[in-house]
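See structure below.
The values are calculated or read from the model by the stated rules, or taken from the named source; none is laboratory data. None of the values given here were measured: they were computed from a predicted structure. Heads up, the Cβs are rebuilt from the backbone with ideal geometry, glycines too, and the neighbour counts pull from every protein chain shown.
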Amino acid sequence: MTTPRLEVSIHGDVPPIWRANVEETLSACYRRLPCPGLVLVQVCLLDTVARLRDFLAAEQTALGIISPVGVEFLATHDAWHGVPRITACAERLNSVPADVAEGALCHEAGHTILHGSAEHYRFRLSRETVERGAKRGLDAHALQQVLYYVAIAVKDYEVARLLAAHGYAEGQAALARHQMVIDENDRRAWELASAYSVVRLICLTAQLKLLLFVQPLAEHVPALAGEAQAMLSFLPIAERERLWRVTGEIGAALGDDSKRNIGAALELVLDRL
């Protein structure tokens with residue numbers, strides 16, 4: 001089985017041992033996962049969070065990217081230049097347990113396999129979808145926000161499904177658990193959002209990223225389902241149950257075509273959430 005070539009670029013004082021570990025983790029992942037047609041993956045390694053932030057902001061400005069750049073994530077993927085790319089920061093990944101860091105790198109490798117072309121970052125909203133959004137009070141900007149959260153949630157589901165099917169469920173579960181953080185800010189944000197229907201919908205849709213990520217993993221690590229539901233404790237019971245139900249409906253509707261999956265999930269969010 002052929003594996004993609006890793007083209008590594010270094011920004012700042014990246015530790016050589018850390019670089020070698022990243023390359024080995026990614027190479028091992030590509031050896032295990034089916035990746036037909038994936039010839040090249042760019043790997044951008046940076047030393048500090050500050051440098052990462054500046055690097056991504058400059059890329060966003062130069063390319064006219066309007067979606068968030070993902071500085072808050074442990075690692076990221078994109079295809080802004082037409083080639084799948086993974087971006088990782090030594091300071092950030094060294095701040096978490098080894099299994100979480102490995103899970104994050106394998107997760108991004110999964111994205112390069114499933115979402116490795118620029119086409120996966122473009123989505124044209126149909127007139128019907130725009131009209132459906134308008135009925136929910138969503139203007140163009142708000143609908144784009146909902147679309148963004150739906151798209152990243154669906155893509156994470158697809159990656160989790162792929163990785164779990166090839167022996168990476170435990171590592172992805174470690175990554176999911178790392179993301180299950182609730183604090184008082186969540187409760188305050190919900191209190192503010194719940195008074196406005198549009199903000200409420202955006203707030204609930206943002207929760208789908210973790211909830212859909214967990215779905216395929218819970219088949220292999222059953223405790224994750226309960227842990228994910230507990231993460232929603234800042235929501236009123238009725239909202240929590242609705243969100244969990246819609247998450248299940250979305251998961252049941254997802255097939256193998258990412259764009260169709262995003263469209264189907266967006267319709268369910270606009271109709272049911």
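Evaluating Leu162 against the criteria (1) in contact with a Leu (Cβ under 7 Å, 6 or more places away or on another chain); (2) more than 20 Å from Arg32 (Cβ to Cβ) leaves one unmet condition, (2). Residue check: Met231 meets all listed conditions (1) under 18 Å from the mean Cα position of the chain (by Cα); (2) under 25 Å from Leu114 (Cα atoms); (3) not basic (Lys, Arg); (4) not in a loop (DSSP other than H, G, I, E, B) but one, namely (2). Do the conditions hold for Ser67, that is, is it modelled with pLDDT under 90 and surrounded by fewer than 17 Cβ atoms within 10 Å (Cβ to Cβ)? Spelling it out, Ser67 is indeed modelled with pLDDT under 90 and surrounded by fewer than 17 Cβ atoms within 10 Å (Cβ to Cβ).
Looking at this structure, is Thr129 in contact with an Asp or Glu (Cβ under 8 Å, 6 or more places away or on another chain), part of a helix (DSSP H, G or I) and among the polar types (S, T, N, Q)? Yes, satisfied. When the residues of the range 89-116 are filtered to those that are within 16 Å of the chain's Cα centre (by Cα) and assigned to a loop (DSSP other than H, G, I, E, B), which remaining residue is farthest from Gly37 (Cα to Cα)? By that ranking, first place goes to His115.
Looking across the range 262-271, the residues that are buried (at least 16 other Cβ atoms within 10 Å of the Cβ) and either out of contact with any Asp or Glu (no Cβ under 7 Å at 6 or more places or on another chain) or more than 24 Å from Leu162 (Cα to Cα) (or both) come down to Ile262, Gly263, Ala264, Ala265, Leu266, Glu267, Val269, Leu270.
Hey, does the range 203-219 have a residue that's closer than 19 Å to Arg136 by Cβ, touching a residue at least 12 places away in the same chain (Cβ under 8 Å) and of a type in the set (Val, Ile, Thr)? Checked against the condition, which is being closer than 19 Å to Arg136 by Cβ, touching a residue at least 12 places away in the same chain (Cβ under 8 Å) and of a type in the set (Val, Ile, Thr), the range 203-219 yields at least one hit. If I filter the range 46-64 for residues that are in contact with an Asp or Glu (Cβ under 9 Å, 6 or more places away or on another chain), β-branched (Val, Ile, Thr), in contact (Cβ under 8 Å) with a residue 24 or more places away in the chain and buried (at least 21 other Cβ atoms within 10 Å of the Cβ), do I get at least one hit? No - not one qualifying residue is present in the range 46-64.
Of everything in the range 234-248 that is part of a helix (DSSP H, G or I) and buried (at least 16 other Cβ atoms within 10 Å of the Cβ), the residue that is nearest to the chain's Cα centre (by Cα) is Thr247.
Counting residues in the range 58-73 that are among the hydroxyl-bearing types (Ser, Thr, Tyr), part of a helix (DSSP H, G or I) and within 19 Å of the chain's Cα centre (by Cα) gives zero. Within the set Ala142, Ala79, Ala174, Ala98, the sole residue that is assigned by TED's automatic domain parsing to the domain that holds Thr48 and in contact with a Gly (Cβ under 8 Å, 6 or more places away or on another chain) turns out to be Ala79.
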